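This report concerns only the one structure given below.
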Amino acid sequence: MPMKKPIPGIARYDHPAGGWGALRATAKAVRTQMDASDAALTLLRTNKPAGFDCPGCAWPDKEHTSTFQFCENGAKAVTWEATKRRVPPEFFAEHSVSDLLGWSDHDLEAQGRLTHPMRYDAQTDRYLPVSWEEAHAITGRILQAQSDPNAVEFYTSGRASNEAAFLFQLFAREYGTNNFPDCSNMCHEATSVGLPHSIGIGKGTVSLKDFDDCEMIIAMGHNPGTNHPRMMGTLHEVARRGVPIVVFNPLKERALERFADPQNPVEMATFSGTDIASTYHQVKVGGDAAALKGIMKAVLEIEASRGGALDQAFIAEHTNGFAALKADLEATGWDAIEAQSGLGAEALRRVAEAYVKSSATIITYGMGMTQHATGTSNVQQMANLLLMRGNIGKPGAGICPLRGHSNVQGDRTVGITEKPGPVLLKRIEETFGFTPPAAHGHDAVASVKAIVAGTARVLISLGGNLIVAMPDREQTYEAMKDLDLTVSVATKLNRSHLLVGREALLLPCLGRTEEDLQNGVPQVVTVEDSMSMVHASRGKLPPASEHLRSEPVIVAEMARAALPATRVDWAAMAADYDLIRDKIEAVFPDFKDFNARIKVPGGFRLPLAPTQRIWNTPSGKAEFLLFKGLAEDPETTDPSVLKLTTLRSHDQYNTTIYGLDDRYRGVFGRRDVVLVNPEDLAAQGIEPGDKIEVETVFGDGRTRKLSGFTAVDYNIARGSVGAYYPEANCLVPLGYHDPDSGTPAYKSIPVRIRALKEA
Ligand SMILES: Nc1nc2c(c(=O)[nH]1)N[C@H]1C(S)=C(S)[C@@H](COP(=O)(O)OP(=O)(O)OC[C@H]3O[C@@H](n4cnc5c(=O)[nH]c(N)nc54)[C@H](O)[C@@H]3O)O[C@H]1N2
Ligand SMILES: Nc1nc2c(c(=O)[nH]1)N[C@H]1C(S)=C(S)[C@@H](COP(=O)(O)OP(=O)(O)OC[C@H]3O[C@@H](n4cnc5c(=O)[nH]c(N)nc54)[C@H](O)[C@@H]3O)O[C@H]1N2
Ligand SMILES: [Mo]
């Protein structure tokens, strides 16, 4: 066999994930990459309950002690915020906005923390310092000048605390709009929209305790070794109990194969690890619905042949729609299931055998399931499978979406929703004495479409990097220039801040790690994790600059400036966050005794009716919901069309790029790669290491290309290719999204690849 030519930066990673590699990487990141402040280092070293909620992920904390020392990506998230580096006004004096637009995402954020409020000056093409008062006066003036409140978009990124998010939605609603584009719209909206129809609530139903009691886990479309590192401790324990963990993922993700727990002295001393997945199914990108339908069909076969596979009593008492599901599954052929999922009928039947043996199963899932044109139905198919055996509302069982940002779930809970229901509107009116708008507003896709169409005039962003996170930047970058105003509340500089409107304000805020004093009194904020636990978070570190203000204060001051006739006592709430929480409780009764209950370490759990087998659906029952056919994307008979999925590397947090390695996938020092199955490479006449062009096949008359990336032969399902987000976002059409949840189909874009001719 001819020797394979090496590809620069591409190697194999054969060690277990975690282990010494993670400890070494943590040490390196903290010391060199991040330039962490001394105070942050002390905090990480002590490994005591840190007081603030880790901004890294939304997985709950077991004893409520954040063990950053052992969580590589938690430590990175903290030190990235608690860096010594600063971006003062002198930085902006030196670099024009046009210059900075030429920098990489990594370089922009790596400059450090923003220190002063800044205002864009078109004459010099620079951000210049501005006082807080003047900045808010500009916002106030421009908002008051709008003839239609629906021309303003209020974007929330999921790091915002409950308190900041609650004030933000109050501001927007008193101003007169429900335009709430939200990072959730790019993330778990399919869960928020899909699960209420199935089980009556748009959230997960399991608690950490259920992982102690479960007899099987089905893990679909998530990569916890990188994105939910604290979950690895849980999976490691479950695997060591001998519980089957069945994985569905087009890529072989190292941490799902084998993991060494840095807190396990034996594994560390012996350089060993634990197998996590009991079986690993490399489903095709966009083949999960077919795989789920296959498993359900096989459960029905078992029921027909020997009985005992279905929980008949549960189905009869608690559900609707089973007969229709059964008829649909019986009418679905195995050949089609195999073709669409890329998995064999026998493999899916084995999953069904294991599933009917388990009396308590949890399904965990992430973006691999939601970011599809059928994201909402995909989520509902997982609920169907669970309902067949009564796996909701009993110990050790349930559905477990892995949320993204550390408070994305909480932001939704406290009112960030573009489609407010009558109860929410009534309670806001009763509590604050103004009538909030009832008409539905914009989600993320609708807001970006409105920016492109020119009907949106103002974008106010509470954190995040909206325009880089969203699809189709060729259209959106240009459209931003025409806005009357962009306001960005942020900790660090990113590209969205450089896409300035006619007026642009960059407002630096405290991060979660930093002490928040109001009138000398330390304030706490609250967050809700993936398992509906609400708890307090209290920053400890000294603020990065004396000019920073907290997010609740910034929102309250903006609101006061924009709403001269306001009914809300913004100043009082900004001075004492207990008062914000009193109002949250008044609007959302589930937060009863809010201030008292967050004093208990670990906080409290919001009520989850399905855990009591109470179904808040119109029928009062859980619903089996059909997925029509098997295809998640428009069907094509052209074998040269592949499905591109966009991925996070191990060294990034969404659009924040910490570094250029993706250690577990064996990619080092670069991100300009496209991961392709070797047979697909051969079929297209491409050699591993060739420079290629990727082109979207969408048929809306636009050309979307990514050129010059290197093809890497990779262990990925046939017909599927992978590339990193956000680089690949230029290939995602803004118009290609789940119609129910508005989630862009970031995880299955039809593309063609071809080798570029050597120049
Ligand atoms: N360190 C770190 N932590 C993070 C983040 C981060 O960027 N960095 N981001 C946070 C946020 S906002 C979120 S939403 C979460 C994201 O956490 P994840 O949901 O884990 O997100 P992704 O990395 O996008 O990829 C998910 C996995 O889906 C697989 N996949 C891709 N396409 C398909 C498919 O069609 N079917 C199936 N079954 N699998 C597929 C990919 O191979 C990958 O393993 O993590 C949060 N935590
Ligand atoms: N192709 C593709 N695109 C995707 C995805 C994908 O998988 N593939 N994933 C989608 C998902 S799941 C998500 S959640 C979105 C993420 O979209 P966003 O949430 O909009 O993006 P982030 O990259 O998390 O935002 C990073 C910025 O947040 C700011 N920031 C950090 N901490 C704080 C803070 O404490 N307060 C404030 N005010 N600002 C802060 C910093 O300025 C930083 O630059 O991207 C989506 N886009
Ligand atoms: Mo997310």
- Note on the structure: Those residues of segment 303-321 which are among the hydroxyl-bearing types (Ser, Thr, Tyr) and loosely packed, with under 13 Cβ neighbours inside 10 Å amount to SER305
- Would you mention how many residues in segment 337-375 are part of a helix (DSSP H, G or I), more than 16 Å from ligand 3 (Cβ to nearest atom) and over 15 Å from GLY287 (Cβ atoms)? 9
- Sort through ILE399, ILE363 and tell me the only one that's out of contact with any Ser or Thr (no Cβ under 9 Å at 6 or more places or on another chain) and more than 26 Å from SER461 (Cα to Cα). ILE363
- Note on the structure: Pairing a residue in segment 414-440 that is at positive phi with any residue that is of a type outside the set (D, E, K, R) and part of a loop (DSSP other than H, G, I, E, B), where Cβ atoms lie under 9 Å and the two sit 6 or more apart in sequence or on different chains, gives GLY415/PHE180; GLY415/PHE588; GLY433/VAL568
- Message: Just to be sure I understand the filter: pairs with C-beta atoms under 7 Å, separated by 6 or more residues or on different chains, first member in segment 28-53 and over 20 Å from LEU108 (Cβ atoms) and among the charged types (D, E, K, R), second member in a loop (DSSP other than H, G, I, E, B) and modelled with pLDDT of 70 or more. Which pairs pass?
- Response: ASP53/SER406; ASP53/ARG512
- In this structure, does GLU515 turn out to be open to solvent by less than 10 Å² (accessible area, probe 1.4 Å), in contact (Cβ under 8 Å) with a residue 12 or more places away in the chain and of a type in the set (D, E, K, R)? no
- Task: Check whether at least one residue in segment 652-669 is under 26 Å from THR374 (Cβ atoms) and either open to solvent by 10 Å² or more (accessible area, probe 1.4 Å) or touching a residue at least 60 places away in the same chain (Cβ under 8 Å) (or both), and report yes or no.
- Result: yes
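Answer yes or no as to whether GLU134 is within 16 Å of ligand 3 (Cβ to nearest atom) and either of a type in the set (D, E, K, R) or open to solvent by less than 10 Å² (accessible area, probe 1.4 Å) (or both).
no
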- Message: Tell me yes or no: at least one residue of segment 274-281 is in the same structural domain as PHE211 (by TED's automatic domain parsing), open to solvent by less than 20 Å² (accessible area, probe 1.4 Å) and either without any contact (Cβ under 8 Å) to a residue 40 or more places away in the chain or more than 25 Å from ALA397 (Cα to Cα) (or both).
- Response: no
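Let's see how each residue does on (1) free of Cβ contacts under 8 Å to residues at least 40 places away in the same chain; (2) part of a helix (DSSP H, G or I):
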{"position": "PHE91", "(1), (2)": "yes, yes"}
{"position": "ASP99", "(1), (2)": "yes, yes"}
{"position": "LEU108", "(1), (2)": "no, yes"}
{"position": "ARG119", "(1), (2)": "no, no"}
{"position": "HIS136", "(1), (2)": "no, yes"}
{"position": "ILE142", "(1), (2)": "no, yes"}
{"position": "SER147", "(1), (2)": "yes, no"}
- Task: Can you tell me which residue among LEU114, LEU143 is open to solvent by less than 10 Å² (accessible area, probe 1.4 Å), of a type outside the set (D, E, K, R) and within 16 Å of ligand 2 (Cβ to nearest atom)?
- Result: LEU114
- Query: Taking GLU174 and the conditions (1) of a type outside the set (S, T, N, Q); (2) part of a helix (DSSP H, G or I); (3) within 16 Å of ligand 3 (Cβ to nearest atom), which numbered condition does it fall short on, given that it satisfies the others?
  - Reply: (3)
- Taking segment 707-724, which residues are in a strand (DSSP E or B) and either touching a Gly at 6+ places or on another chain (Cβ under 9 Å) or within 16 Å of ligand 3 (Cβ to nearest atom) (or both)? THR710, ALA711, VAL712, ASP713, ILE716, SER720, TYR724
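Considering only segment 174-194, state which residues are away from ligand 1 (no atom under 16 Å from the Cβ) and either under 18 Å from HIS236 (Cα atoms) or under 19 Å from the mean Cα position of the chain (by Cα) (or both).
Result: PHE180, single match.
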- For segment 631-651, which residues satisfy the criterion of being over 26 Å from ILE7 (Cα atoms) and buried (at least 22 other Cβ atoms within 10 Å of the Cβ)? GLU632
- Elements of type strands (runs of 3 or more DSSP E) in segment 471-551, at least 1 residues being within 16 Å of ligand 1 (Cβ to nearest atom): 525-528
- In segment 652-706, which residues are within 16 Å of ligand 3 (Cβ to nearest atom), among the hydroxyl-bearing types (Ser, Thr, Tyr) and not in a strand (DSSP E or B)? THR655
- Exclusive hit being closer than 23 Å to CYS214 by Cα, under 29 Å from the mean Cα position of the chain (by Cα), part of a helix (DSSP H, G or I) and in contact (Cβ under 8 Å) with a residue 12 or more places away in the chain, set LEU385, LEU300: LEU385
- Message: Please go through segment 604-625 and give me each residue that is in a strand (DSSP E or B) and within 24 Å of the chain's Cα centre (by Cα), ordered by number.
- Response: PHE604, ARG605
- Message: Any residue that is touching a strand residue (DSSP E or B) at 6+ places or on another chain (Cβ under 8 Å), open to solvent by less than 30 Å² (accessible area, probe 1.4 Å) and part of a helix (DSSP H, G or I) - is there at least one of those in segment 396-404?
- Response: no
- Here is a list of conditions, (1) free of Cβ contacts under 8 Å to residues at least 40 places away in the same chain; (2) within 30 Å of HIS372 (Cβ to Cβ), and VAL452 meets all of them except one; can you say which number that is? (1)
- Any idea which residue in segment 716-735 is most open to solvent (accessible area, probe 1.4 Å), counting only those that are within 14 Å of ligand 1 (Cβ to nearest atom) and either farther than 15 Å from LEU642 by Cα or in the same structural domain as LEU466 (by TED's automatic domain parsing) (or both)? GLU727
- Query: Restricting attention to segment 405-441, and to residues there that are part of a loop (DSSP other than H, G, I, E, B) and within 16 Å of ligand 1 (Cβ to nearest atom), which single residue is surrounded by the most Cβ atoms within 10 Å (Cβ to Cβ)?
  - Reply: ASN407
- Note on the structure: The condition of being open to solvent by less than 30 Å² (accessible area, probe 1.4 Å) and in contact with a Cys (Cβ under 7 Å, 6 or more places away or on another chain) holds, among VAL489, VAL458, VAL500, VAL468, only for VAL489
- Query: Counting residues that are surrounded by 23 or more Cβ atoms within 10 Å (Cβ to Cβ), which helices (runs of 4 or more DSSP H) fully inside segment 181-231 reach at least 3?
  - Reply: 189-199, 224-227
- Task: Select from segment 243-290 the residues that are within 14 Å of GLY18 (Cβ to Cβ), in a loop (DSSP other than H, G, I, E, B) and away from ligand 2 (no atom under 16 Å from the Cβ) and list them in ascending order.
- Result: ASP261, PRO262, GLN263, ASN264, PHE271, SER272, GLY273, ILE276
- Message: Take LEU506 and tell me if it is at pLDDT 95 or above and crowded, with 24+ Cβ neighbours inside 10 Å.
- Response: yes
- Query: Can you name the condition, by its number, that ALA219 falls short on among (1) within 22 Å of GLN371 (Cβ to Cβ); (2) free of Cβ contacts under 8 Å to residues at least 12 places away in the same chain; (3) not polar (S, T, N, Q)?
  - Reply: (2)
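The values are calculated or read from the model by the stated rules, or taken from the named source; none is laboratory data. This one's a predicted model, so the numbers in the text were calculated from it and none came from an experiment. Using ideal geometry, Cβ is built from the backbone for each residue, glycine included, and neighbour counts are taken over all protein chains shown. The accessibility values were calculated without ligands, DNA or RNA, using every heavy atom of the protein model including side chains. Shrake-Rupley method; radii C 1.70, N 1.55, O 1.52, S 1.80 Å.
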